[in-house]
Amino acid sequence: MKRSIIASIVAFLSIFSNSLFAQNSEDVTRKVQDYSAASVSVRFFDRTVYYPGNVDGNPIDVHITIRNSGSETLRFKLADDRMFSADFLAFTVQNTQLEQTDEIVEKRTKSHTVYFREIAIEPGEEYSFIENAKKYLKFDTPGVYYLEMRFYPELYKSKYLELKSNRLMLEMRPAPHAASSSIIPVKEDTAEILRPEAISPDKVVEQTIVARQKSLWDQFFLYIDLEAMFRSDPLRDRRFAAASAEDGERMLSDYKAELMSDRIDTDIVAVPERFEIKRTNYSQTEGTVTVHEWFKYQNFSEKKEYVYYVRQRDGIWRVYRYYVNNLGTE
């Protein structure tokens with residue numbers, strides 16, 4: 001009789017444990033996100049002339065966009081230290097793969113806590129951020145490279161799950177002498193160097209708007225005081241003031257990427273169908289440019305008045321703040 005009772009208890013426990021295992025397996029399966037509708041694309045951000053070495057002084061900044069092309073909300077983890085969310089791969093024309101930097105190897109081989117946040121993207125939406133590929137790979141010699149990226153939606157420790165990007169061609173030129181090693185944006189279609197010019201405030205605003213109409217981001221930001229624009233918001237200003245220099249740079253890079261993705265401060269990056277400069281007032285160092293801008297929709301046009309605040313430093317005028325007033329529809 002006792003043997004029968006013990007056998008029954010063992011059998012019950014076995015069935016109960018199998019049931020729990022099956023339930024846990026179902027929970028795990030249910031929690032795994034389907035990333036088949038997610039895509040990753042990369043392009044050069046603030047494209048410049050690239051040289052070997054000089055990681056921080058001459059970065060290879062890459063604009064990374066994750067897009068949800070599906071019909072359900074896409075969720076993924078994004079590490080505060082992006083080296084646990086992303087990888088860059090680069091190949092020579094002989095298909096030789098570049099080595100990773102000592103920094104990334106050391107970080108990934110040490111045991112420590114990885115902090116991350118969960119990002120949710122609705123159908124049809126995108127999320128963007130910027131990373132310096134030189135922090136991931138050793139670009140030691142000039143030449144032509146093919147650069148691509150891997151994104152880990154469940155972080156590097158789960159790198160069996162990855163999203164692959166498109167491939168970019170990168171030309172690395174021989175290092176110049178120290179006096180000419182500053183970061184200089186260049187035009188997308190040529191190697192012509194972009195430099196801000198000592199033009200009047202109204203011309204600064206005109207060129208900025210035209211650059212936005214043509215999606216020429218390097219030229220759009222040429223006359224934008226990005227830090228001042230970022231810090232015009234009190235909450236962002238407090239965060240920036242309390243941040244380290246490195247975190248401050250990351251904030252500005254993220255802000256720039258979000259502007260380009262049309263996620264925040266959408267008025268400054270809105271694309272008008274046409275515009276008309278109405279009034280320009282300025283002293284030796286400060287000024288405003290008032291512009292009427294028309295935005296075309298399917299059945300009507302919306303008219304807005306933009307007031308761009310400009311400031312002059314070292315002979316160059318830049319936009320550091322703006323105000324928008326709705327003037328109705330036409």
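Loop-located chymotrypsin sites (Phe, Trp or Tyr not before Pro) in the stretch 128-169 (DSSP state other than H, G, I, E, B) with a sparse environment of at most 13 neighbouring Cβ atoms within 10 Å: Tyr160.
Consider all pairwise Cα distances in the stretch 95-155 and report the whole-number % of them above 19 Å. Summing the P(r) of the stretch 95-155 above 19 Å gives 49 percent of all pairs. For the stretch 43-87, the calculated P(r), taken from all Cα-Cα distances in 5 Å bins from zero up to the bin holding the longest distance, is 5, 16, 17, 21, 18, 11, 6, 5, 2 percent.
Averaging Cα coordinates gives a centre for the stretch 278-330 and one for the stretch 142-160; these two points are 41 Å apart.
For the stretch 267-319, applying the loop criterion from DSSP together with a ceiling of 11 other beta carbons within 10 Å to the GluC sites (Glu not before Pro) yields no site.
For Tyr322, the residues whose modelled amide H falls within less than 5 Å of its own, excluding neighbours fewer than 5 places apart on the same chain, are Tyr309. Computed 3J(HN,Hα) for the stretch 97-102, one whole-Hz value per residue from the Karplus formula 6.51 cos²θ - 1.76 cosθ + 1.60 where θ = phi - 60°, is 7, 6, 7, 6, 6, 4, glycine and proline marked x. Between Ile119 and Ala245, the contour length at 0.36 nm per residue exceeds the Cα-Cα span by 42.9 nm. Dividing the mean sequence gap of close Cα pairs (under 8 Å, 6+ apart) by how many residues the stretch 256-324 holds gives a relative contact order of 22 percent.
Taking all Cα pairs closer than 8 Å and separated by 6 or more residues, the relative contact order of the stretch 65-139 comes to 54 percent. Of the trypsin sites (Lys or Arg not before Pro) found in the stretch 188-287, those that fall in a DSSP loop while having at most 12 other beta-carbon atoms within 10 Å are Lys214. Work out the FRET efficiency for Lys164 and Thr141 from their Cβ-Cβ distance, taking R0 = 30 Å, and round it to the nearest 0.05. The computed FRET efficiency comes out at 0.70.
Amide hydrogen proximity for Phe45: with H placed 1.01 Å from N in the peptide plane, the residues at 5 or more positions away or on another chain lying under 5 Å are Asp61, Val62, His63. Each residue was assigned an accessible area with a 1.4 Å probe, and for Trp294 the value is about 20 Å².
The values are calculated or read from the model by the stated rules, or taken from the named source; none is laboratory data. Given the structure is predicted, the values throughout are model-derived calculations rather than measurements. Note that each Cβ is placed from the backbone with ideal geometry, even for glycine, and that neighbours are counted across all protein chains shown. Remember, those area values only see protein heavy atoms, side chains included, never the ligands or the DNA or RNA. Shrake-Rupley method; radii C 1.70, N 1.55, O 1.52, S 1.80 Å.
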